[in-house]
Amino acid sequence: MAAEDSLHVSLWETVMPDNSSFDPQIAVTLLHELRELTANEHGAQRVAWTETWRKARNWFESKLRDLPVEYHRDAAGNNWITLKGASDKALILGSHLDSVPNGGWLDGALGVLAGYAVLRHCALDSMPPPITIRLVDWADEEGARFGRSLFGSSAFAGTHSIAADRYRADRDGITLEEALAENGIDINRIGDSAIERANACAYLELHIEQGPILEGLGLPLGAVLGTKGVERHAITFHGQEAHSGSTPMAVRRDALAAASRLALEIRTIAGKHSDAVCTMGSLKTFPGIVTAVVGRAEATLDQRDLDAEVLAQMYREAQEASQRFADEERCTVEWSRIWNIEPVPFHSRLIALCEEAINETTGPSYRLPSGPLHDAAEVARLSIPTTMMFVQSLGGISHNKIEDTRESDLLLAVRAFYALTEKTIAWILSEAS
Ligand SMILES: [Zn+2]
(Lines give C-alpha, C1' and ligand atoms only; values in the text may rest on other atoms or scores of the structure.)
Protein backbone atom coordinates (compact mmCIF):
# COMPACT_ATOMS: atom_id res chain seq x y z
CA MET A 1 0.00 0.00 0.00
CA ALA A 2 1.33 3.45 -0.83
CA ALA A 3 1.81 5.79 2.15
CA GLU A 4 -0.87 8.03 0.74
CA ASP A 5 -3.28 5.07 0.55
CA SER A 6 -2.62 4.04 4.13
CA LEU A 7 -3.30 7.58 5.34
CA HIS A 8 -6.63 7.45 3.57
CA VAL A 9 -7.52 4.07 5.03
CA SER A 10 -6.98 5.27 8.57
CA LEU A 11 -8.90 8.48 7.93
CA TRP A 12 -11.65 6.49 6.21
CA GLU A 13 -11.87 4.23 9.22
CA THR A 14 -12.01 7.10 11.67
CA VAL A 15 -14.46 9.15 9.64
CA MET A 16 -16.74 6.15 8.95
CA PRO A 17 -16.25 3.67 11.78
CA ASP A 18 -19.75 2.25 11.42
CA ASN A 19 -22.71 2.76 9.15
CA SER A 20 -24.94 4.55 11.64
CA SER A 21 -24.79 7.85 9.73
CA PHE A 22 -25.88 6.16 6.51
CA ASP A 23 -29.54 6.66 5.62
CA PRO A 24 -31.01 3.95 3.37
CA GLN A 25 -34.37 5.72 3.10
CA ILE A 26 -33.45 7.73 0.00
CA ALA A 27 -33.19 4.54 -2.07
CA VAL A 28 -36.71 3.47 -1.11
CA THR A 29 -38.13 6.97 -1.62
CA LEU A 30 -36.63 7.05 -5.12
CA LEU A 31 -37.96 3.56 -5.92
CA HIS A 32 -41.46 4.85 -5.21
CA GLU A 33 -40.81 7.94 -7.32
CA LEU A 34 -39.58 5.80 -10.23
CA ARG A 35 -42.62 3.58 -9.94
CA GLU A 36 -44.91 6.62 -10.16
CA LEU A 37 -43.05 7.81 -13.24
CA THR A 38 -42.71 4.59 -15.25
CA ALA A 39 -45.43 2.11 -14.23
CA ASN A 40 -49.04 1.87 -15.31
CA GLU A 41 -51.85 -0.33 -13.97
CA HIS A 42 -50.12 -3.40 -15.48
CA GLY A 43 -46.73 -2.80 -13.85
CA ALA A 44 -43.32 -1.33 -14.76
CA GLN A 45 -42.83 -0.44 -18.44
CA ARG A 46 -39.14 0.44 -18.55
CA VAL A 47 -38.32 -1.80 -21.51
CA ALA A 48 -34.83 -1.00 -22.80
CA TRP A 49 -34.49 1.22 -25.87
CA THR A 50 -38.01 2.64 -25.44
CA GLU A 51 -39.31 6.07 -24.53
CA THR A 52 -40.24 5.04 -20.96
CA TRP A 53 -36.75 3.62 -20.35
CA ARG A 54 -35.19 6.86 -21.57
CA LYS A 55 -37.53 8.75 -19.27
CA ALA A 56 -36.35 6.61 -16.33
CA ARG A 57 -32.72 7.28 -17.20
CA ASN A 58 -33.25 11.02 -17.61
CA TRP A 59 -35.02 11.09 -14.26
CA PHE A 60 -32.08 9.24 -12.71
CA GLU A 61 -29.60 11.67 -14.27
CA SER A 62 -31.50 14.56 -12.69
CA LYS A 63 -30.66 13.06 -9.28
CA LEU A 64 -26.94 13.34 -10.00
CA ARG A 65 -26.75 17.03 -10.78
CA ASP A 66 -26.04 18.23 -7.24
CA LEU A 67 -23.35 15.60 -6.62
CA PRO A 68 -19.58 15.91 -7.28
CA VAL A 69 -19.60 13.02 -9.71
CA GLU A 70 -18.77 12.53 -13.39
CA TYR A 71 -21.25 10.63 -15.55
CA HIS A 72 -21.32 9.45 -19.12
CA ARG A 73 -22.80 6.78 -21.37
CA ASP A 74 -20.42 4.19 -22.83
CA ALA A 75 -20.35 2.70 -26.33
CA ALA A 76 -22.92 0.04 -25.43
CA GLY A 77 -25.35 2.42 -23.71
CA ASN A 78 -24.33 1.61 -20.12
CA ASN A 79 -24.47 4.64 -17.83
CA TRP A 80 -21.43 5.17 -15.61
CA ILE A 81 -21.34 7.51 -12.61
CA THR A 82 -17.93 8.02 -11.04
CA LEU A 83 -17.01 9.44 -7.65
CA LYS A 84 -13.29 9.97 -7.77
CA GLY A 85 -11.38 8.71 -4.77
CA ALA A 86 -7.83 9.15 -3.52
CA SER A 87 -6.82 6.16 -5.64
CA ASP A 88 -7.83 5.27 -9.20
CA LYS A 89 -8.58 1.72 -8.09
CA ALA A 90 -12.30 1.37 -8.62
CA LEU A 91 -15.10 -0.46 -6.88
CA ILE A 92 -18.10 -0.86 -9.19
CA LEU A 93 -21.69 -1.04 -7.91
CA GLY A 94 -24.35 -1.84 -10.48
CA SER A 95 -27.65 -3.19 -11.71
CA HIS A 96 -30.20 -2.16 -14.34
CA LEU A 97 -33.06 0.34 -14.69
CA ASP A 98 -34.72 -1.54 -17.54
CA SER A 99 -37.64 -3.89 -16.85
CA VAL A 100 -39.68 -6.49 -18.67
CA PRO A 101 -43.08 -5.27 -19.97
CA ASN A 102 -45.61 -5.33 -17.11
CA GLY A 103 -42.71 -5.92 -14.74
CA GLY A 104 -42.12 -5.28 -11.06
CA TRP A 105 -40.92 -2.13 -9.33
CA LEU A 106 -37.77 -3.66 -7.76
CA ASP A 107 -36.07 -5.93 -10.30
CA GLY A 108 -32.89 -4.05 -11.24
CA ALA A 109 -34.06 -0.65 -9.99
CA LEU A 110 -33.34 -1.62 -6.37
CA GLY A 111 -29.68 -2.30 -7.18
CA VAL A 112 -29.21 0.98 -9.06
CA LEU A 113 -30.91 3.08 -6.39
CA ALA A 114 -29.14 1.31 -3.52
CA GLY A 115 -25.89 2.03 -5.36
CA TYR A 116 -27.02 5.63 -5.71
CA ALA A 117 -27.67 5.90 -1.96
CA VAL A 118 -24.18 4.57 -1.21
CA LEU A 119 -22.49 6.79 -3.80
CA ARG A 120 -24.39 9.85 -2.63
CA HIS A 121 -23.49 9.23 0.99
CA CYS A 122 -19.82 8.97 0.09
CA ALA A 123 -20.00 11.96 -2.25
CA LEU A 124 -21.45 14.21 0.44
CA ASP A 125 -18.77 13.18 2.93
CA SER A 126 -16.12 15.80 3.70
CA MET A 127 -13.35 13.44 2.52
CA PRO A 128 -13.04 11.71 -0.82
CA PRO A 129 -13.23 7.92 -0.48
CA PRO A 130 -9.85 6.12 -0.44
CA ILE A 131 -10.62 4.49 -3.79
CA THR A 132 -12.85 5.47 -6.69
CA ILE A 133 -16.48 4.34 -6.48
CA ARG A 134 -18.42 3.82 -9.70
CA LEU A 135 -22.08 3.07 -10.26
CA VAL A 136 -23.24 1.45 -13.50
CA ASP A 137 -26.76 1.20 -14.89
CA TRP A 138 -26.35 -1.63 -17.43
CA ALA A 139 -28.24 -1.26 -20.70
CA ASP A 140 -30.87 -3.87 -21.55
CA GLU A 141 -30.29 -6.52 -18.91
CA GLU A 142 -33.67 -8.10 -19.57
CA GLY A 143 -33.51 -8.55 -23.33
CA ALA A 144 -37.29 -8.14 -23.27
CA ARG A 145 -37.69 -6.48 -26.66
CA PHE A 146 -35.07 -8.30 -28.76
CA GLY A 147 -34.46 -11.50 -26.77
CA ARG A 148 -30.82 -10.62 -26.05
CA SER A 149 -30.32 -10.56 -22.26
CA LEU A 150 -27.30 -8.95 -20.54
CA PHE A 151 -26.69 -6.75 -23.60
CA GLY A 152 -24.64 -3.98 -21.99
CA SER A 153 -22.71 -6.11 -19.52
CA SER A 154 -21.77 -8.61 -22.24
CA ALA A 155 -20.41 -5.74 -24.34
CA PHE A 156 -18.37 -4.64 -21.32
CA ALA A 157 -17.17 -8.24 -20.79
CA GLY A 158 -16.33 -8.82 -24.47
CA THR A 159 -18.82 -11.70 -24.77
CA HIS A 160 -21.20 -9.75 -27.02
CA SER A 161 -22.42 -11.40 -30.22
CA ILE A 162 -22.90 -8.58 -32.72
CA ALA A 163 -23.28 -10.73 -35.84
CA ALA A 164 -26.02 -12.84 -34.26
CA ASP A 165 -27.78 -9.89 -32.63
CA ARG A 166 -27.70 -7.25 -35.36
CA TYR A 167 -30.84 -8.45 -37.15
CA ARG A 168 -32.85 -9.51 -34.12
CA ALA A 169 -36.23 -7.82 -34.60
CA ASP A 170 -38.97 -6.76 -32.22
CA ARG A 171 -42.69 -7.40 -32.76
CA ASP A 172 -42.89 -4.45 -35.16
CA GLY A 173 -39.97 -5.61 -37.29
CA ILE A 174 -37.55 -2.98 -35.96
CA THR A 175 -34.07 -4.51 -35.69
CA LEU A 176 -31.82 -4.22 -32.68
CA GLU A 177 -29.32 -2.37 -34.85
CA GLU A 178 -31.99 0.23 -35.70
CA ALA A 179 -33.20 0.59 -32.12
CA LEU A 180 -29.62 1.10 -30.95
CA ALA A 181 -29.05 3.75 -33.62
CA GLU A 182 -32.21 5.52 -32.46
CA ASN A 183 -30.58 5.60 -29.01
CA GLY A 184 -27.32 6.97 -30.36
CA ILE A 185 -25.43 3.66 -30.29
CA ASP A 186 -23.48 2.11 -33.18
CA ILE A 187 -23.75 -1.67 -32.86
CA ASN A 188 -20.33 -2.11 -34.46
CA ARG A 189 -18.72 -0.15 -31.63
CA ILE A 190 -20.35 -1.68 -28.55
CA GLY A 191 -17.17 -3.63 -27.72
CA ASP A 192 -15.52 -0.26 -26.96
CA SER A 193 -17.41 -0.46 -23.66
CA ALA A 194 -14.45 -2.61 -22.50
CA ILE A 195 -12.56 0.62 -21.80
CA GLU A 196 -14.69 0.95 -18.65
CA ARG A 197 -12.91 -2.08 -17.16
CA ALA A 198 -9.86 0.06 -16.38
CA ASN A 199 -8.88 -0.10 -12.70
CA ALA A 200 -11.90 -2.23 -11.76
CA CYS A 201 -11.05 -4.11 -8.54
CA ALA A 202 -14.43 -5.51 -7.53
CA TYR A 203 -18.12 -5.51 -8.48
CA LEU A 204 -21.13 -5.64 -6.13
CA GLU A 205 -24.82 -5.92 -6.97
CA LEU A 206 -27.89 -5.90 -4.74
CA HIS A 207 -30.95 -7.60 -6.24
CA ILE A 208 -34.26 -9.09 -5.20
CA GLU A 209 -34.08 -12.87 -4.96
CA GLN A 210 -36.95 -13.50 -7.44
CA GLY A 211 -37.47 -16.89 -5.77
CA PRO A 212 -38.95 -18.30 -2.54
CA ILE A 213 -35.85 -19.55 -0.65
CA LEU A 214 -35.22 -16.63 1.74
CA GLU A 215 -38.91 -16.18 2.48
CA GLY A 216 -39.15 -19.89 3.28
CA LEU A 217 -36.29 -19.52 5.76
CA GLY A 218 -37.75 -16.34 7.26
CA LEU A 219 -34.58 -14.41 6.42
CA PRO A 220 -34.47 -10.95 4.82
CA LEU A 221 -31.02 -11.25 3.17
CA GLY A 222 -28.69 -13.78 1.60
CA ALA A 223 -25.18 -13.90 0.11
CA VAL A 224 -25.11 -15.15 -3.47
CA LEU A 225 -22.63 -17.91 -4.37
CA GLY A 226 -22.80 -17.39 -8.12
CA THR A 227 -25.12 -17.90 -11.05
CA LYS A 228 -26.06 -21.39 -12.08
CA GLY A 229 -24.88 -22.89 -15.34
CA VAL A 230 -27.56 -23.85 -17.84
CA GLU A 231 -27.91 -26.80 -20.25
CA ARG A 232 -30.88 -26.25 -22.58
CA HIS A 233 -31.81 -28.92 -25.13
CA ALA A 234 -34.52 -29.97 -27.57
CA ILE A 235 -35.35 -33.67 -27.27
CA THR A 236 -37.41 -35.44 -29.94
CA PHE A 237 -38.85 -38.94 -29.53
CA HIS A 238 -39.86 -40.75 -32.72
CA GLY A 239 -42.40 -43.59 -32.58
CA GLN A 240 -45.11 -44.64 -35.00
CA GLU A 241 -48.35 -42.80 -35.73
CA ALA A 242 -51.14 -45.36 -35.63
CA HIS A 243 -54.91 -45.55 -35.33
CA SER A 244 -56.08 -45.33 -31.74
CA GLY A 245 -58.87 -47.80 -32.29
CA SER A 246 -57.13 -50.57 -34.24
CA THR A 247 -53.63 -50.62 -32.73
CA PRO A 248 -53.30 -53.06 -29.79
CA MET A 249 -51.51 -51.68 -26.73
CA ALA A 250 -48.75 -54.28 -26.93
CA VAL A 251 -47.50 -53.22 -30.36
CA ARG A 252 -47.67 -49.45 -30.02
CA ARG A 253 -44.61 -47.26 -30.45
CA ASP A 254 -45.91 -44.30 -28.44
CA ALA A 255 -43.51 -41.34 -28.51
CA LEU A 256 -45.52 -39.53 -25.84
CA ALA A 257 -45.13 -42.46 -23.44
CA ALA A 258 -41.33 -42.20 -23.72
CA ALA A 259 -41.36 -38.38 -23.34
CA SER A 260 -43.69 -38.56 -20.34
CA ARG A 261 -41.45 -41.00 -18.54
CA LEU A 262 -38.53 -38.62 -19.05
CA ALA A 263 -40.63 -35.69 -17.74
CA LEU A 264 -41.03 -37.56 -14.46
CA GLU A 265 -37.48 -38.94 -14.35
CA ILE A 266 -35.85 -35.48 -14.45
CA ARG A 267 -37.34 -34.83 -11.00
CA THR A 268 -35.35 -37.78 -9.65
CA ILE A 269 -32.23 -36.62 -11.51
CA ALA A 270 -32.46 -33.10 -10.04
CA GLY A 271 -33.45 -34.45 -6.63
CA LYS A 272 -30.00 -36.01 -6.10
CA HIS A 273 -28.43 -32.54 -5.81
CA SER A 274 -29.51 -29.91 -3.31
CA ASP A 275 -29.87 -26.78 -5.48
CA ALA A 276 -30.20 -28.38 -8.91
CA VAL A 277 -33.29 -27.83 -11.05
CA CYS A 278 -34.54 -29.59 -14.20
CA THR A 279 -37.56 -28.41 -16.16
CA MET A 280 -39.39 -29.83 -19.15
CA GLY A 281 -41.08 -26.59 -20.12
CA SER A 282 -42.57 -27.60 -23.44
CA LEU A 283 -43.94 -30.78 -24.96
CA LYS A 284 -45.60 -30.98 -28.38
CA THR A 285 -47.20 -34.09 -29.84
CA PHE A 286 -47.70 -35.00 -33.50
CA PRO A 287 -50.08 -35.53 -35.11
CA GLY A 288 -51.68 -34.30 -31.90
CA ILE A 289 -55.20 -35.56 -32.55
CA VAL A 290 -57.50 -37.57 -30.35
CA THR A 291 -57.63 -40.63 -32.63
CA ALA A 292 -53.90 -41.26 -33.18
CA VAL A 293 -51.05 -42.76 -31.16
CA VAL A 294 -48.35 -40.09 -30.91
CA GLY A 295 -45.73 -40.61 -33.59
CA ARG A 296 -43.45 -37.74 -32.59
CA ALA A 297 -43.02 -35.88 -29.28
CA GLU A 298 -40.87 -32.76 -29.11
CA ALA A 299 -39.77 -31.70 -25.62
CA THR A 300 -37.42 -29.09 -24.19
CA LEU A 301 -35.21 -29.58 -21.17
CA ASP A 302 -33.61 -26.83 -19.05
CA GLN A 303 -31.11 -28.00 -16.38
CA ARG A 304 -29.31 -25.68 -13.95
CA ASP A 305 -26.73 -25.97 -11.20
CA LEU A 306 -23.88 -23.95 -9.75
CA ASP A 307 -21.47 -26.91 -9.98
CA ALA A 308 -20.22 -27.67 -13.50
CA GLU A 309 -19.71 -31.37 -12.64
CA VAL A 310 -23.21 -31.73 -11.27
CA LEU A 311 -24.57 -30.06 -14.38
CA ALA A 312 -22.60 -32.38 -16.66
CA GLN A 313 -23.73 -35.40 -14.66
CA MET A 314 -27.40 -34.38 -14.82
CA TYR A 315 -27.09 -33.88 -18.58
CA ARG A 316 -25.58 -37.38 -18.98
CA GLU A 317 -28.22 -38.97 -16.77
CA ALA A 318 -31.06 -37.32 -18.68
CA GLN A 319 -29.56 -38.55 -21.97
CA GLU A 320 -29.22 -42.10 -20.65
CA ALA A 321 -32.74 -42.08 -19.25
CA SER A 322 -34.17 -40.82 -22.53
CA GLN A 323 -32.41 -43.63 -24.40
CA ARG A 324 -33.68 -46.22 -21.93
CA PHE A 325 -37.29 -45.00 -22.19
CA ALA A 326 -37.04 -44.78 -25.98
CA ASP A 327 -35.82 -48.41 -26.13
CA GLU A 328 -38.51 -49.65 -23.76
CA GLU A 329 -41.22 -47.90 -25.75
CA ARG A 330 -39.72 -49.09 -29.07
CA CYS A 331 -38.99 -45.50 -30.08
CA THR A 332 -35.86 -43.55 -30.99
CA VAL A 333 -34.63 -40.28 -29.48
CA GLU A 334 -32.46 -37.41 -30.67
CA TRP A 335 -31.03 -34.44 -28.79
CA SER A 336 -29.98 -31.00 -30.01
CA ARG A 337 -28.51 -28.27 -27.85
CA ILE A 338 -30.48 -25.01 -27.81
CA TRP A 339 -28.10 -23.05 -25.58
CA ASN A 340 -25.78 -23.45 -22.65
CA ILE A 341 -23.68 -21.37 -20.28
CA GLU A 342 -21.19 -22.51 -17.68
CA PRO A 343 -21.79 -21.82 -13.97
CA VAL A 344 -20.23 -18.56 -12.77
CA PRO A 345 -19.10 -18.85 -9.15
CA PHE A 346 -18.59 -15.57 -7.31
CA HIS A 347 -15.49 -14.54 -5.35
CA SER A 348 -15.11 -16.45 -2.08
CA ARG A 349 -13.69 -13.53 -0.08
CA LEU A 350 -16.44 -11.17 -1.25
CA ILE A 351 -19.11 -13.78 -0.46
CA ALA A 352 -17.69 -13.97 3.07
CA LEU A 353 -17.73 -10.15 3.35
CA CYS A 354 -21.33 -10.11 2.12
CA GLU A 355 -22.23 -12.60 4.82
CA GLU A 356 -20.44 -10.49 7.44
CA ALA A 357 -22.31 -7.37 6.32
CA ILE A 358 -25.62 -9.23 6.60
CA ASN A 359 -24.72 -10.69 10.02
CA GLU A 360 -23.87 -7.27 11.37
CA THR A 361 -26.98 -5.62 9.92
CA THR A 362 -29.74 -8.18 10.51
CA GLY A 363 -28.40 -11.34 12.09
CA PRO A 364 -28.37 -14.70 10.33
CA SER A 365 -27.49 -14.91 6.67
CA TYR A 366 -27.84 -17.68 4.11
CA ARG A 367 -25.70 -18.60 1.12
CA LEU A 368 -27.62 -19.40 -2.03
CA PRO A 369 -26.96 -19.69 -5.76
CA SER A 370 -28.88 -17.62 -8.29
CA GLY A 371 -31.02 -19.49 -10.83
CA PRO A 372 -31.62 -16.40 -12.98
CA LEU A 373 -28.64 -14.86 -14.77
CA HIS A 374 -27.49 -11.38 -13.81
CA ASP A 375 -25.10 -8.73 -15.16
CA ALA A 376 -22.83 -9.72 -12.25
CA ALA A 377 -22.16 -13.02 -14.04
CA GLU A 378 -20.71 -11.18 -17.05
CA VAL A 379 -18.45 -9.13 -14.78
CA ALA A 380 -17.35 -12.23 -12.83
CA ARG A 381 -16.43 -14.00 -16.07
CA LEU A 382 -13.77 -11.30 -16.54
CA SER A 383 -12.20 -12.44 -13.24
CA ILE A 384 -13.13 -9.15 -11.58
CA PRO A 385 -13.93 -10.21 -7.97
CA THR A 386 -17.73 -10.14 -7.78
CA THR A 387 -20.60 -10.98 -5.51
CA MET A 388 -24.28 -10.21 -5.10
CA MET A 389 -26.59 -9.73 -2.16
CA PHE A 390 -30.21 -10.94 -2.37
CA VAL A 391 -33.16 -9.55 -0.47
CA GLN A 392 -36.28 -11.61 0.10
CA SER A 393 -39.05 -11.51 -2.55
CA LEU A 394 -42.59 -11.85 -1.22
CA GLY A 395 -44.11 -15.04 -2.59
CA GLY A 396 -40.95 -15.51 -4.65
CA ILE A 397 -42.70 -13.61 -7.47
CA SER A 398 -40.90 -11.42 -10.03
CA HIS A 399 -41.35 -10.20 -13.62
CA ASN A 400 -44.88 -9.39 -12.56
CA LYS A 401 -46.60 -6.26 -11.28
CA ILE A 402 -47.22 -7.97 -7.92
CA GLU A 403 -43.46 -8.33 -7.35
CA ASP A 404 -42.81 -6.94 -3.87
CA THR A 405 -40.54 -6.88 -0.83
CA ARG A 406 -41.36 -5.57 2.66
CA GLU A 407 -40.21 -1.96 3.00
CA SER A 408 -38.41 -2.85 6.25
CA ASP A 409 -36.45 -5.51 4.33
CA LEU A 410 -35.60 -3.04 1.57
CA LEU A 411 -34.16 -0.65 4.15
CA LEU A 412 -32.14 -3.46 5.74
CA ALA A 413 -30.89 -4.51 2.31
CA VAL A 414 -29.66 -1.03 1.39
CA ARG A 415 -28.00 -0.65 4.78
CA ALA A 416 -26.30 -4.05 4.54
CA PHE A 417 -25.21 -3.21 0.98
CA TYR A 418 -23.55 -0.06 2.30
CA ALA A 419 -21.76 -2.16 4.93
CA LEU A 420 -20.62 -4.54 2.17
CA THR A 421 -19.31 -1.59 0.18
CA GLU A 422 -17.23 -0.40 3.14
CA LYS A 423 -15.87 -3.89 3.75
CA THR A 424 -14.99 -4.34 0.09
CA ILE A 425 -13.14 -1.03 -0.03
CA ALA A 426 -11.11 -2.07 3.02
CA TRP A 427 -10.41 -5.44 1.36
CA ILE A 428 -9.28 -3.81 -1.92
CA LEU A 429 -6.89 -1.58 0.05
CA SER A 430 -5.54 -4.52 2.05
CA GLU A 431 -5.00 -6.53 -1.15
CA ALA A 432 -2.97 -3.67 -2.57
CA SER A 433 -0.73 -3.47 0.45
ZN1 LIG B 1 -32.77 -7.95 -12.67
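Remark: region 362-433 carries a charge dipole of roughly 140 debye about the Cα centre, counting +1 on each Lys and Arg Cβ and -1 on each Asp and Glu Cβ. Accessible surface for the chain, divided over its residues, is 41 Å² per residue with a 1.4 Å probe.
Computed in the context of the full set of protein chains, the accessible area of region 85-198 at 1.4 Å probe radius has 47% of its extent on carbon or sulfur. Computed 3J(HN,Hα) for region 427-433, one whole-Hz value per residue from the Karplus formula 6.51 cos²θ - 1.76 cosθ + 1.60 where θ = phi - 60°, is 5, 4, 5, 6, 5, 6, 7, glycine and proline marked x. Global size of the chain: 24.3, 89 Å for Rg and Dmax (C-alpha atoms, Rg to one decimal, Dmax whole). Near the amide H of residue 346, within less than 5 Å, lie the amide hydrogens of 226, 227, all on another chain or at least 5 residues away, with H placed in the peptide plane.
Net charge dipole, region 18-142: roughly 280 debye, given to the nearest 20, about the Cα centre with Cβ charges of +1 for Lys and Arg and -1 for Asp and Glu.
Listed by chain and number, the aspartates and glutamates whose alpha-carbon sits under 16 Å from that of residue 228, ignoring those within fewer than 8 places in the same chain, are 209, 275, 302, 305, 307, 309, 342, 375, 378. Around the amide H of residue 333, modelled in the peptide plane, lie the amide H atoms of 238, all under 5 Å away and 5 or more residues distant in sequence or on another chain. Normalised by the number of residues in the chain, the mean separation of alpha-carbon contacts (under 8 Å, six or more apart) gives a relative contact order of 21 percent. Once the Cα atoms are used to define both axes, helix 255-271 deviates from the longest principal axis of the chain by about 40 degrees.
Derived scalar couplings between HN and Hα for region 155-172 equal 5, 4, 7, x, 9, 5, 9, 4, 4, 6, 8, 3, 9, 4, 10, 8, 4, 8 Hz in order, rounded to whole Hz, by the Karplus curve 6.51 cos²θ - 1.76 cosθ + 1.60 (θ = phi - 60°), x for Gly and Pro.
Computed from backbone phi, the HN-Hα couplings of region 173-182 come to x, 6, 7, 4, 4, 5, 5, 5, 4, 4 Hz, rounded to whole numbers (Karplus: 6.51 cos²θ - 1.76 cosθ + 1.60, θ = phi - 60°; Gly and Pro given as x). Computed from Cα atoms, the angle from the helix 348-362 axis to the main principal axis of the chain rounds to 70 degrees. Near residue 87, the amide H atoms lying under 5 Å from its own belong to 131, 132; only residues 5 or more places off or on other chains count, and H is placed 1.01 Å from N.
Measuring spread by the Cα atoms of region 282-433 yields a radius of gyration and Dmax of 22.3, 76 Å.
The P(r) of region 219-314 has a tail past 24 Å containing 38 percent of all C-alpha pairs. The angle separating the long axis of helix 308-328 from the principal Cα axis of greatest extent in the chain is about 10 degrees. In the chain, helices alone account for a calculated mean residue ellipticity at 222 nm of -12000 deg cm²/dmol, with every DSSP H run of four or more residues adding -39,500 (n - 2.57).
Would you mind checking 401/423; 272/423; 84/423; 55/89 for any pair whose Cα atoms are more than 25 angstrom apart? With Cα atoms farther than 25 Å apart: 401/423; 272/423; 55/89. Taken about its Cα centre, the chain carries a charge dipole of about 880 debye when Lys and Arg each add +1 at the Cβ and Asp and Glu each add -1 at the Cβ.
Semi-axes of the equivalent ellipsoid for region 134-189, computed as √(5λ) from the eigenvalues of its C-alpha gyration tensor and ordered from largest down, come to 18, 12, 11 Å. Scattering from region 275-323 was approximated by placing one identical point on each alpha carbon and applying the Debye formula without solvent; log10 I(q)/I(0) at 0.16, 0.23, 0.26, 0.27 1/Å stands at -0.57, -0.85, -0.96, -1.00.
For the chain, modelled as a GNM with alpha-carbon contacts under 10 angstrom, which of 238, 160, 96 fluctuates the most? Comparing 238, 160, 96 in a Gaussian network model of the chain, the most mobile one is 238. For region 376-423, carbon and sulfur atoms together expose 50% of the accessible surface, with a 1.4 angstrom probe and every protein chain in place.
The values are calculated or read from the model by the stated rules, or taken from the named source; none is laboratory data. Here the structure is a predicted model, which means the values were calculated and not measured. So basically every Cβ, Gly included, is an ideal-geometry build from the backbone, and we count neighbours across all protein chains shown. Remember, those area values only see protein heavy atoms, side chains included, never the ligands or the DNA or RNA. Shrake-Rupley method; radii C 1.70, N 1.55, O 1.52, S 1.80 Å.
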